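Structure record follows, encoded as structure tokens.
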Amino acid sequence: MTSQRVPGTPATADTTGAADAVRDVLLAAAKYLSEHGWNQHELYDSEHAVNPAACTVGALSMVCYGYPAEVPASNVTHPGFEDFDAALFRLDCYIAETFGPEMGGVLGFNDMPGHTAADVLAMLRDAALWVPGPAWANVPRCGCGDRMLLNTEVPYCKTGDEWFGDLYVGRFFTCRTCGKTELVEATDPDDRTVVVAGFREWVLQRPHEGDPHVAGTCDDCDVCGRYCFCTADVTCVLHSESDDTCSDWFAPGQPSFGTAAGAALGGAE
């Protein structure tokens with residue numbers, strides 16, 4: 001099975017060879033899995049083995065704690081917890097950026113049907129070389145203590161209009177433990193463009209209702225009526241009632257879309 005990268009800032013490799021504790025943990029986890037075996041749906045394949053076959057999170061537990069912790073993410077008093085937490089965080093961010101929030105982070109990638117040990121080992125090694133961009137600088141930690149992941153149902157938020165200075169873009173994060181959701185605004189200019197592109201791609205993938213139709217043109221389709229699909233050639237039903245409302249999909253560095261009247265705004269800036 002081949003996973004596809006979603007729109008966003010491309011992952012970059014650290015070619016400096018500089019010391020990186022998180023990188024070392026991820027490479028050690030890959031080595032552990034290659035030597036002792038990999039499994040899905042359970043942290044470890046045996047409760048009694050000294051070095052059991054493990055899932056990705058279980059492998060992180062083995063290399064950071066030295067034993068198969070029952071709940072690795074809650075082992076906060078262990079000296080290796082900081083390394084475990086940082087490595088798990090990088091994996092979650094890498095997977096979200098590379099494979100999309102719908103992958104469900106580390107556990108989702110590990111347990112996805114069709115994935116093999118080779119897929120997991122390649123992911124760990126690629127993540128070890130990945131350098132997180134500005135998108136991952138403000139990922140919230142939930143009040144319950146666990147990390148949050150991009151919301152798989154509605155990962156992005158975009159409202160307002162760039163022309164009038166009130167375009168608000170951000171990401172929805174959800175705690176994988178208690179389900180609490182938090183919205184974090186994207187303030188870096190480049191990251192704002194990434195969020196808008198991600199939002200547009202997400203919207204275009206929503207399932208439409210009724211007979212086949214051009215996205216945004218069907219009055220009887222709930223998705224067409226809920227999201228903006230304006231382009232230089234098509235005025236979406238959401239904006240068709242007004243002749244002075246610009247599409248709120250406009251963003252610097254992205255293709256310019258039409259106004260509600262259908263007039264072209266020009267090409268990409």
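The values are calculated or read from the model by the stated rules, or taken from the named source; none is laboratory data. No experiment lies behind these values; they were computed from the predicted model shown. Ideal geometry is used to build each Cβ from the backbone, glycine not excepted, and the neighbour counts take in all protein chains shown. Surface areas here come from the heavy atoms of the whole protein model, side chains and all, with no ligands, DNA or RNA. Shrake-Rupley method; radii C 1.70, N 1.55, O 1.52, S 1.80 Å.
Residue pairs whose Cβ atoms lie under 9 Å apart, separated by 6 or more positions or on different chains, with the first residue in segment 118-142 and charged (D, E, K, R) and the second assigned to a helix (DSSP H, G or I) and surrounded by 16 or more Cβ atoms within 10 Å (Cβ to Cβ), are Asp119/Phe109; Arg125/Leu26; Arg125/Leu27; Arg125/Ala30; Asp126/Tyr94; Asp126/Thr98. Kindly establish whether Gly145 is in contact with a helix residue (DSSP H, G or I) (Cβ under 7 Å, 6 or more places away or on another chain) and under 21 Å from Asn75 (Cβ atoms). Answer is no for this residue. Of all residues in segment 61-75, none satisfies being in contact (Cβ under 8 Å) with a residue 40 or more places away in the chain, touching a strand residue (DSSP E or B) at 6+ places or on another chain (Cβ under 9 Å) and of a type outside the set (A, V, I, L, M).
For segment 186-216, name all the residues that are more than 19 Å from Cys230 (Cα to Cα), part of a loop (DSSP other than H, G, I, E, B) and open to solvent by 30 Å² or more (accessible area, probe 1.4 Å). Hits for segment 186-216 are Thr187, Asp188, Gly210, Asp211. For segment 159-176, which residues satisfy the criterion of being modelled with pLDDT of 75 or more and either touching a His at 6+ places or on another chain (Cβ under 6 Å) or closer than 20 Å to Arg206 by Cβ (or both)? Result: Val169, Gly170, Arg171, Phe172, Thr174.
Looking across Val203, Val237, Val195, one residue alone is at pLDDT 80 or above, under 26 Å from the mean Cα position of the chain (by Cα) and of a type in the set (A, V, I, L, M). It is Val195. I'd like to check something: does segment 244-251 contain any residue that is surrounded by fewer than 14 Cβ atoms within 10 Å (Cβ to Cβ), at pLDDT below 55, in a loop (DSSP other than H, G, I, E, B) and touching a strand residue (DSSP E or B) at 6+ places or on another chain (Cβ under 9 Å)? Yes - at least one qualifying residue is present in segment 244-251.
Within segment 206-223, being among the hydrophobic types (A, V, I, L, M, F, W, C) and either over 28 Å from the mean Cα position of the chain (by Cα) or more than 14 Å from Thr235 (Cβ to Cβ) (or both) holds for Cys218, Cys221, Val223. Strands (runs of 3 or more DSSP E) fully within segment 77-181 that include at least 3 residues being among the hydrophobic types (A, V, I, L, M, F, W, C) and open to solvent by less than 20 Å² (accessible area, probe 1.4 Å): 168-175. Just so you know, in segment 70-96 the residues that are charged (D, E, K, R) and within 20 Å of Cys142 (Cα to Cα) include one that is nearest to the chain's Cα centre (by Cα), and it is Asp92.
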